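I have placed the structure first, in the form of structure tokens, so that the comments after it can refer back to it.
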Ligand code: ARG
């Protein structure tokens, strides 16, 4: 049954948000972004988290880094340890040191990555293991690195549809036992792994996936997700969670939604249950 816990998130205001390059199929440089709308939607998202009792820490936006609003990509963090990001595309790489410095300032031990990984875009902590995506951005080598960094088991999943280029565009962890995902985004072998590991998962359809409805943020009870994902909202409610619809349509122009704009500091205040080398 759904179980709420207070969360801590890192967000970055979309002060310099734009679509100046196209590194995923959602980005169209010929259609200008309405930045004021993006800022207003982002403010609502932040207020939504705060109204649910969560803590939001703000990362300072840097001019010239139009994707910095997508903080999920900046690192993987569990407890007092983080694995910094190493971006696939050089245009985003300057975001990585900004995240490392910020997390270090919070007292988190940030490890430098060797292989390409785009943080929580491709790594999802379930409380038992890390679900790890690859295929478009994060490399398979990074799955080994994340396993070594945190000392927890990793379940490797392969993405096959370029529209769902990060794991968090096609899969969402609702609580330690329940996930929601869009099967066509995964290779056949990965679909089998998911079906065996999560027989009770919520399966999203095309229409919900196409508005990035799975790019959602759960606190174990409330699930913040794109309002346009109407069927998914209903399925999430049937499963005993409370959907909190938000409009993040302007961020979608960059290929991201609520989760992309949210880096979670998992279990930040809780003592670590394991010691990883
Ligand atoms: N424009 C960004 C990129 O392509 C969007 C990142 C979305 N983030 C995410 N966690 N899926 O890198």
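Please treat every number below as a calculation from the coordinates, not as lab data. Predicted model, so just to flag it, every value in this text is computed and none were measured. As a convention, Cβ positions derive from the backbone with ideal geometry for all residues, glycine included, and neighbour counts pool all protein chains shown.
Summary of values
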item: Cα centroid separation, the stretch 46-97 to the stretch 179-198 (Å); result: 27
item: Among 115, 216, 124, residue whose mean-square fluctuation peaks in a GNM of the chain (springs only between Cα atoms under 10 Å); result: 115
item: Inter-label distance for residue 93 and residue 106, nm, one decimal - labels placed 7 Å from Cα along Cα-to-Cβ; result: 2.5
item: Within the chain, helix-based [θ] at 222 nm, where runs of 4 or more DSSP H residues each add -39,500 (n - 2.57), nearest 500; result: -7000 deg cm²/dmol
item: Footprinting exposure proxy for 29, 242, 169 (fewest neighbouring C-beta atoms within 10 Å first); result: 29, 242, 169
item: Proxy reagent accessibility, fewest Cβ within 10 Å first, across 58, 225, 83; result: 58, 83, 225
item: Where labels lie 7 Å past Cα in the beta-carbon direction, separation of residue 30 and residue 80 in nm; result: 5.4
item: 182, 4 arranged by Cβ crowding within 10 Å, fewest neighbours leading; result: 4, 182
